[in-house]
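Asks: My structure is below; once you've seen it, I'll send some questions.
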Amino acid sequence: MTNEKKQHDYFAIDLHGDILSDVSKRRHIQEETEVLKRLHYANLQKGQVKIQVLPIFIEYAYQPEGSLRQSILYVASLIHELDESSDIFMRIKNAEDLDKVMASDKIGLMLSFEGVEPIARDFELLAVFQDLGLHMVGLTWNWANAVAEGCVEDSNSGLTFIGRNMVKEMSRLGMMLDVSHLSVKSFWDAIEIQTGPVLASHSNAQGVYKSARNLDDDQIKALADRGGIIGLNFIPKFVGPSGTDYNKLAEHAAYIANLVGIQHVAVGADYVDYLIRAGRYGGKLQNVPTTQRIAGTSDQEDTSKFPSVSELSELYLALLRHDFSQEEAKGVMGEHALKFLKENLPKK
Ligand SMILES: [Zn+2]
């Protein structure tokens, strides 16, 4: 299979897309195969995605007992999908793989943690996941867990004792710390301990739109000081008021660029399309456990302006309309993230 001709002059790196939720559910519950090839490849191609980061996010129904098992099922899904579709997808486990993907027609896939629920307190298990090619770690989702407080918690307690040791271990292993979803206190605790790379894979700017999931100016500056990148998040309630669109995302990009420089802006789209496909978002509230409902993973919201990754070029066009140069827009779409990953993935 060859690439369609690119419509626009960019390649994209999406630092956050819940594709594995859909893939894993279809494979392990519905016994489907070739999910990436059948259901996701065309959209990724149309959005000109070259590298997709795949978070391992553990649904509430599996926590805590089933977390490790679900995480391994995610990895198994990826391994089996790649067996079936090695002509069009490739796994990225290190900088060498990154170069190979960039020199090929294939789409590169990389794992990350969105919350360390799979390993709970056992931070020595980080090395196991690193060995599986997972180098990017977010400590929490919105809620608190054994290591840290997420952004909707309000006890101002930050990292736990184990959490601080986990970040020390991440530093020792050279893993990337993803601060998206952390509470403000957790953010500062973690960034102080982490000696390795830091990023916010999918967060916007509080200065444009206030949300607990967005970053304030001091946080943005701290990330930039450490050479970090910030992936723009397309979840409508983190972008702006209702009716918000790609132009508003360009405002977030401009705001961060004015504060610290455009080189720190990237894409962490977080298209909810994947969760809708997985049957986990935007409906059937009566079937969802109460904790999940409170957690907001089943919120219904208008995602019509950001329907799927196939529309990703809309961001590129919005950036150009917002007076970014072509070079700057290309940087945001993929080149800034590529540089960051090249610098921070293990060589081999
Ligand atoms: Zn998220």
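The values are calculated or read from the model by the stated rules, or taken from the named source; none is laboratory data. Quick caveat, the model's predicted, so the values are computed rather than measured. FYI the Cβ positions are ideal-geometry reconstructions off the backbone, even for glycines, and counts take in every protein chain you see.
Asks: In this structure, does ALA253 turn out to be in a helix (DSSP H, G or I), crowded, with 19+ Cβ neighbours inside 10 Å and either of a type in the set (Lys, Arg) or modelled with pLDDT of 95 or more (or both)?
Replies: Against the criterion (in a helix (DSSP H, G or I), crowded, with 19+ Cβ neighbours inside 10 Å and either of a type in the set (Lys, Arg) or modelled with pLDDT of 95 or more (or both)), ALA253 qualifies.
Asks: So how many residues does region 81-107 have that are part of a helix (DSSP H, G or I) and either farther than 18 Å from ASP18 by Cβ or among the aliphatic types (A, V, I, L, M) (or both)?
Replies: Residues in region 81-107 being part of a helix (DSSP H, G or I) and either farther than 18 Å from ASP18 by Cβ or among the aliphatic types (A, V, I, L, M) (or both): 11 in total.
Asks: So if I check each of SER71, SER77, which one is in contact with a His (Cβ under 8 Å, 6 or more places away or on another chain) and part of a helix (DSSP H, G or I)?
Replies: It is SER77.
Asks: Please verify whether region 190-202 includes one or more residues that are part of a helix (DSSP H, G or I) and within 23 Å of PRO64 (Cβ to Cβ).
Replies: Yes: one or more hits.
Asks: Also, quick follow-up: If I filter region 16-57 down to residues being within 16 Å of the ligand (Cβ to nearest atom) and not in a strand (DSSP E or B), which single residue comes out as nearest to the chain's Cα centre (by Cα)?
Replies: So, considering only residues that are within 16 Å of the ligand (Cβ to nearest atom) and not in a strand (DSSP E or B), the one nearest to the chain's Cα centre (by Cα) is HIS16.
Asks: Also, quick follow-up: Tell me, which residue of region 184-212 that is surrounded by 22 or more Cβ atoms within 10 Å (Cβ to Cβ), within 15 Å of the ligand (Cβ to nearest atom) and in contact (Cβ under 8 Å) with a residue 40 or more places away in the chain is farthest from GLY115 (Cα to Cα)?
Replies: The selected residue is ASN204.
Asks: Sticking with this structure for a sec: Being within 16 Å of the ligand (Cβ to nearest atom) and within 17 Å of the chain's Cα centre (by Cα), is that true of even one residue in region 254-267?
Replies: yes
Asks: From ASN214, ASN145, grab the single residue that is polar (S, T, N, Q) and either at positive phi or within 17 Å of the chain's Cα centre (by Cα) (or both).
Replies: Going through ASN214, ASN145 in turn, just one is polar (S, T, N, Q) and either at positive phi or within 17 Å of the chain's Cα centre (by Cα) (or both): ASN214.
Asks: Only residues in region 102-127 that are of a type in the set (Val, Ile, Thr) count as the first member; pair them with residues that are part of a helix (DSSP H, G or I) and surrounded by 24 or more Cβ atoms within 10 Å (Cβ to Cβ), Cβ under 6 angstrom, at least 6 apart or cross-chain, and list the lot.
Replies: Final answer for the pair search is ILE107/LEU44.
Asks: Still on this model: Inspect region 108-124 for any residue being in a helix (DSSP H, G or I) and either basic (Lys, Arg) or within 16 Å of the ligand (Cβ to nearest atom) (or both) and give the result as yes or no.
Replies: No: region 108-124 contains no residue that is in a helix (DSSP H, G or I) and either basic (Lys, Arg) or within 16 Å of the ligand (Cβ to nearest atom) (or both).
Asks: Here is a follow-up. Would you confirm, using the coordinates I've provided, whether MET175 is touching a residue at least 12 places away in the same chain (Cβ under 8 Å), under 30 Å from LYS348 (Cα atoms), in contact with an Asp or Glu (Cβ under 9 Å, 6 or more places away or on another chain) and among the aliphatic types (A, V, I, L, M)?
Replies: For MET175, the condition - touching a residue at least 12 places away in the same chain (Cβ under 8 Å), under 30 Å from LYS348 (Cα atoms), in contact with an Asp or Glu (Cβ under 9 Å, 6 or more places away or on another chain) and among the aliphatic types (A, V, I, L, M) - is met.
Asks: Would you mind telling me which numbered condition in (1) surrounded by fewer than 20 Cβ atoms within 10 Å (Cβ to Cβ); (2) within 16 Å of the ligand (Cβ to nearest atom) GLU96 fails?
Replies: Going through (1) surrounded by fewer than 20 Cβ atoms within 10 Å (Cβ to Cβ); (2) within 16 Å of the ligand (Cβ to nearest atom) one by one, GLU96 breaks only (2).
Asks: Considering region 85-96 alone, what residues qualify as being within 20 Å of LYS37 (Cβ to Cβ) and in contact with a strand residue (DSSP E or B) (Cβ under 9 Å, 6 or more places away or on another chain)?
Replies: Residues satisfying the conditions are ILE88, PHE89, MET90, ARG91, ILE92.
Asks: Still on this structure: Given the criterion among the small types (Gly, Ala, Ser), more than 13 Å from the ligand (Cβ to nearest atom) and outside any helix (DSSP H, G or I), identify the matching residue among SER242, SER171.
Replies: Residue meeting the stated conditions: SER242.
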